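Asker: Below you'll find the structure I mean.
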């Protein structure tokens, strides 16, 4: 039988860590974070869909394309032959790029080099169109993260890691006038500068570090010249989205390996605290980096704030049961110090004075309003987590203070 943990105790630990001006602090934003921003249209769709939603949209776009439709069918047949029934858009890119590296001037698995290039370009353009969105106002959780970053003077810079390709965090940091370094240098055509990344401790701690682990819709590779950041894609360049297609030797000249190294270096710091939001622990490579960092640095800790019930995160549970400094906080329970736990139940009268802001008390038997209530942890919702950060530092800049807020 699972033992009972107090969610308010864990919230207190989070508050203590995130209010520190001495600890190395990191925020890890996964694909679930943009889902917290809903559009004021019919059905309240998310500003940007998650990977599953992007995959559906990309498949629809490819299937409606006269040139790409038949090619998509070949790719899906390949997955079926390989007994891959859960392939997402990143798996598709990995498959296409792996075939491209061996195709040469010939065909492989029913696809020639030109077919593979067409698929790669079309998928990347579709991803760009889906995620190239702007935050609707200055009260989003992204803005609250940015305000929290700038709200406390710290000895060490806050480091933000994200697997997302969008520019939402960049917009929020700029709206809140928070300086940041993302590994690129320059103004007219910013170039990736690995030497600057390796010596980024020369920058003031007020400068946030923003590390995009899976690339970005505004990164472009120019053959023989490297990777650049820009607002528009130039002719003859390739979008730098998702790292799986790169050989190790090539990736050393690309941002991906350097970005992963920044996560690895962060986890090596004594007392480092990483707060993870919107991430489902389905990326084995990133899981390995996080877990190895926690294993090698016993004083480091990671809090994973999970949106759904614990049963939906089997891989995360497996990892947390093996690593005592990886804490999972889900809607219906937790894994704390490698031990699975559930949240408490209380009589209705005992929770009547509770605000229900970070912990919601749900009636166990809807037919009886006065029956016992069960605690539900709410910080797995990125929007709620943003509000939590807002209350840690108080005032968030208002739109009138932001010259280019949207």
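Bear in mind that the values in this text are calculations on the coordinates, not laboratory data. From a predicted model like this one, the values you see are computed outputs, not experimental measurements. Cβ placement follows ideal geometry from the backbone for every residue including glycine, while neighbour counts extend to all protein chains displayed.
Asker: Between 203, 306, 18, find the one with the highest GNM mean-square fluctuation for the chain; connect C-alpha pairs within less than 10 Å.
Answerer: Residue with maximal mean-square fluctuation among 203, 306, 18: 203.
Asker: Could you give the nm distance between label points at residue 73 and residue 282, where each point is 7 Å from its Cα heading toward the beta carbon?
Answerer: According to this spin-label approximation, the distance is 2.7 nm.
Asker: Could you check the simple spin-label distance between residue 201 and residue 109, using points 7 Å along Cα→Cβ, in nm with one decimal?
Answerer: 4.4
Asker: Hey, with R₀ at 30 Å, roughly what FRET efficiency would residue 56 and residue 393 work out to, going by the Cβ-Cβ distance, to 0.05?
Answerer: 0.20
Asker: Using a Förster distance of 22 angstrom, determine the FRET efficiency expected from the C-beta separation of residue 350 and residue 15, and round it to 0.05.
Answerer: After rounding to 0.05, the efficiency reads 0.45.
Asker: Separate question: What percentages make up the Cα-Cα pair-distance distribution of the chain when the bins are 20 Å wide from 0?
Answerer: With 20 Å bins starting at 0, P(r) equals 25, 56, 18, 1.
Asker: Could you let me know the centre-to-centre spacing of the range 18-89 and the range 286-355, using Cα atoms, in angstrom?
Answerer: So the separation of the two Cα centres works out to 25 Å.
Asker: For the chain, what's the relative contact order in percent, using C-alpha pairs closer than 8 Å and at least 6 residues apart?
Answerer: About 19 percent, as a whole number.
Asker: Here is a follow-up. Between residue 137 and residue 223, with labels modelled 7 Å along Cα→Cβ, what's the label distance in nm to one decimal, could you check?
Answerer: Going by the 7 Å Cα→Cβ label model, 4.8 nm.
Asker: Moving on to the next point. Residues in the range 287-324, backbone N under 20 Å from the label point at residue 4 (7 Å along the Cα-to-beta-carbon vector): list them, ranges by number please.
Answerer: Taking a point 7 Å out along Cα→Cβ of residue 4, the residues of the range 287-324 whose backbone N falls under 20 Å are 310.
Asker: Quick one: among 375, 231, 36, which has the greatest mean-square fluctuation in a GNM of the chain with alpha-carbon springs under 10 angstrom?
Answerer: 231
Asker: Shifting gears a bit: Express the relative contact order of the range 51-131 as a whole percentage, based on alpha carbon pairs under 8 Å and six or more residues apart in sequence.
Answerer: 34
Asker: Under 10 Å, Cα contacts only: if you run a Gaussian network model on the chain, which one of 333, 69, 32 comes out with the highest mean-square fluctuation?
Answerer: Answer for the Gaussian network model of the chain: 69.
Asker: Can you tell me the orientation of helix 141-151 relative to the chain, as the angle in degrees between its alpha-carbon axis and the longest Cα principal axis, to the nearest 10?
Answerer: 70
Asker: Measure nothing but the geometry: give the 0 to 90° angle between the long axis through the Cα atoms of 89-103 and the longest principal axis through the Cα atoms of the chain, rounded to 10°.
Answerer: Rounded to the nearest ten degrees, it is 30.
Asker: Right, next: Any idea what angle helix 68-81 forms with the longest principal axis of the chain, computed on alpha-carbon atoms, 0 to 90 degrees, nearest 10?
Answerer: 60
Asker: Further, regarding this structure: Stick to Cα atoms and the Kirkwood definition of Rh, then tell me Rg/Rh for the range 307-357.
Answerer: 1.09
Asker: Calculated FRET efficiency, residue 84 and residue 368, Cβ-Cβ r, R0 51 Å, to nearest 0.05?
Answerer: The formula returns an efficiency of 0.60 here.
Asker: Over the alpha-carbon set of the range 51-131, work out the extent along each principal axis and list the three values in angstrom, largest first.
Answerer: Projected onto the principal axes, the Cα atoms of the range 51-131 cover 33, 25, 21 Å.
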